[in-house]
Amino acid sequence: MGNNVQTGRILRSISGFYDVLTPAGMVSCRARGILRREGSSPLTGDMVEITVEKGKGMVERILPRKNGFVRPAVANIDALVVFAANVNPITEPFLIDRVAAIAGDQEVPVILCVNKCDLDPAVDLIRIYREAGFPVIPASAETGEGVEELRDLLRGKLTAFTGNSGVGKSSMLNRLCPELGLSTGDVSEKLGRGRHTTRHVELYRLEEDTYVADTPGFSSFDTDQMDVILKDNLQYAFPDFAPYLGRCQFCDCSHRKEPGCAVTAAVADGRIQPTRYDSYLRLYEKASHIREWEVR
């Protein structure tokens with residue numbers, strides 16, 4: 001590949017172009033066709049090797065990833081911040097649980113940021129996820145509540161913001177870094193859904209060694225496009241199940257209808273939140289149709 005090989009990180013990917021930050025500066029790149037043919041398209045957050053000729057770059061190789069996701073389409077993250085709200089639009093717990101399970105399956109820590117607490121304090125939502133063991137930040141991009149607490153959790157990490165449309169991810173990024181001036185969308189009163197203002201995944205640098213990926217919002221209809229988890233692995237993607245795994249009567253317990261199940265006993269006496277268990281059952285049903293060879 002010659003002497004013009006550089007290593008950098010993809011900060012933005014849009015319409016087949018990749019903006020790669022190298023020690024020498026930003027380079028706009030295309031990707032070698034062979035990468036797509038091998039089924040390894042570059043993702044925002046990827047570390048890559050590029051070659052540069054006459055100011056134009058080519059992604060030659062994707063360096064090994066520590067993790068990678070289909071939706072949000074991002075790689076090498078240290079944590080996933082899931083945004084939710086209990087008002088305009090109301091976030092379904094199942095959406096949070098599905099995204100958190102996908103992250104948990106790749107051992108990526110999840111932080112829940114409950115935005116718009118100035119409009120609705122979301123007491124139940126906050127309680128459910130604190131009891132499930134997640135770090136939860138009650139916040140308001142409008143008033144600034146929770147902003148500094150979130151900043152402290154992001155420091156020194158590459159994190160991705162995700163959540164349903166209109167929940168205020170871009171508004172919170174503007175609070176964290178006002179000079180970004182990201183466009184934010186209002187929420188359709190008729191549908192209770194936000195208009196998608198972020199159309200691609202882009203990494204923003206908040207401080208030295210602190211990057212945040214803003215990702216397109218999703219609706220409940222989009223969850224079918226998300227990564228899949230094998231049903232046997234699903235129990236491990238729910239951290240609140242961890243104290244009870246291995247304590248069931250049957251070693252191959254699916255935690256649904258079996259007698260002597262430690263997980264269903266924990267649900268019955270309130271140690272596991274019912275909404276979390278309902279999400280597990282819904283995801284198990286989806287996962288039961290997935291074969292191991294279908295998981296990339």
Residues in region 21-34: is at least one more than 24 Å from V136 (Cβ to Cβ), within 16 Å of the chain's Cα centre (by Cα) and part of a loop (DSSP other than H, G, I, E, B)?
no
Can you name every residue in region 59-74 that is modelled with pLDDT under 90 and either part of a strand (DSSP E or B) or of a type in the set (F, W, Y) (or both)?
F69
List the residue pairs whose Cβ atoms are under 8 Å apart, where the first residue sits in region 112-124 and is at positive phi, the second is assigned to a strand (DSSP E or B), and the two are 6 or more positions apart or on different chains.
K116/N86; A122/A84; A122/N86; A122/V114; A122/P138
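Condition check: buried (at least 16 other Cβ atoms within 10 Å of the Cβ) and farther than 27 Å from Q106 by Cα. Does T44 satisfy that? Walk me through how you get there before you give the answer.
Values: buried (at least 16 other Cβ atoms within 10 Å of the Cβ): yes; farther than 27 Å from Q106 by Cα: no.
In short, no.
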From the list L112, L95, which residue is under 12 Å from the mean Cα position of the chain (by Cα), surrounded by 24 or more Cβ atoms within 10 Å (Cβ to Cβ) and within 25 Å of L43 (Cα to Cα)?
L112
In the set D78, D46, which member is among the acidic types (D, E) and touching a Ser or Thr at 6+ places or on another chain (Cβ under 7 Å)?
D78
Of the residues in region 237-258, those that are part of a loop (DSSP other than H, G, I, E, B), open to solvent by 70 Å² or more (accessible area, probe 1.4 Å) and not basic (K, R) come to G246, Q249, F250, C251, D252
Looking at L203 and the list (1) at pLDDT below 95; (2) over 19 Å from the mean Cα position of the chain (by Cα); (3) not charged (D, E, K, R), which single condition is not satisfied?
(2)
Say we look at region 10-24 and pick out the residues that are farther than 13 Å from L43 by Cα and of a type outside the set (S, T, N, Q); which of these is most open to solvent (accessible area, probe 1.4 Å)?
P23
In this structure, does G146 turn out to be in contact with a strand residue (DSSP E or B) (Cβ under 6 Å, 6 or more places away or on another chain), among the small types (G, A, S) and either surrounded by fewer than 19 Cβ atoms within 10 Å (Cβ to Cβ) or at pLDDT 95 or above (or both)?
yes
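Look through V20, V74, V52 and report the one residue that is in contact with a Cys (Cβ under 7 Å, 6 or more places away or on another chain) and not acidic (D, E).
Exactly one of V20, V74, V52 is in contact with a Cys (Cβ under 7 Å, 6 or more places away or on another chain) and not acidic (D, E), namely V20.
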Acidic (D, E), open to solvent by 20 Å² or more (accessible area, probe 1.4 Å), at pLDDT 85 or above and in a strand (DSSP E or B) - does that describe any residue in region 217-233?
no
Which residue pairs have Cβ atoms closer than 9 Å, lie 6 or more positions apart in sequence or on different chains, and pair a first residue in region 197-225 that is of a type in the set (V, I, T) with a second residue that is modelled with pLDDT under 75 and crowded, with 21+ Cβ neighbours inside 10 Å?
T197/G217; T198/G217; T215/T198
Condition first: free of Cβ contacts under 8 Å to residues at least 60 places away in the same chain and under 23 Å from P216 (Cβ atoms). Can you find one or more residues in region 82-90 that meet it?
yes
With the requirement that a residue be part of a loop (DSSP other than H, G, I, E, B) and open to solvent by 50 Å² or more (accessible area, probe 1.4 Å), what does region 259-281 give you?
P259, D269, R271
Only one residue in G57, G104 is more than 25 Å from the chain's Cα centre (by Cα) and open to solvent by less than 40 Å² (accessible area, probe 1.4 Å), so which one is that?
G57
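The values are calculated or read from the model by the stated rules, or taken from the named source; none is laboratory data. Since we're looking at a predicted model, the values are computed, not measured. Don't worry about glycine lacking a Cβ; one is built from the backbone with ideal geometry, like all the others, and counts go over all protein chains shown. Keep in mind that these areas ignore ligands, DNA and RNA; they rest on the heavy atoms of the full protein, side chains included. Shrake-Rupley method; radii C 1.70, N 1.55, O 1.52, S 1.80 Å.
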